[in-house]
Amino acid sequence: MSDKPDDDAPEDDAEEQLGLECPKCGCCDFRAYYTRRQAKGIRRVKICRHCGRRITTTERIVG
Ligand SMILES: [Zn+2]
């Protein structure tokens, strides 16, 4: 397992607090993996910092 700190970009994840919880370890500390804008909304993939579990969320675009 690579546990090196590879956060080379400052993250700005304060915009989204949906109470997202890792189903595996229950922590709420994720880092953004990628974000893709789609017709239906914005798809985000996040990775749990704790266990590495990948979470996919979809946000609807409002307006
Ligand atoms: Zn986790």
Search the stretch 21-39 for residues that are in a strand (DSSP E or B) and pair each with any residue that is within 8 Å of the ligand (Cβ to nearest atom) when their beta-carbon atoms are under 7 Å apart and the residues are at least 6 apart or on different chains. PHE30/CYS48; PHE30/ARG49; ARG31/ARG49
Only residues that are modelled with pLDDT under 75 and at positive phi: list them for the stretch 20-63, please. GLY63
Residue count for the stretch 34-53, restricted to those that are within 16 Å of the ligand (Cβ to nearest atom) and farther than 17 Å from GLY19 by Cα: 2
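The values are calculated or read from the model by the stated rules, or taken from the named source; none is laboratory data. Quick caveat, the model's predicted, so the values are computed rather than measured. Neighbour counts run over all protein chains shown; Cβ positions are idealised from the backbone, glycine included.
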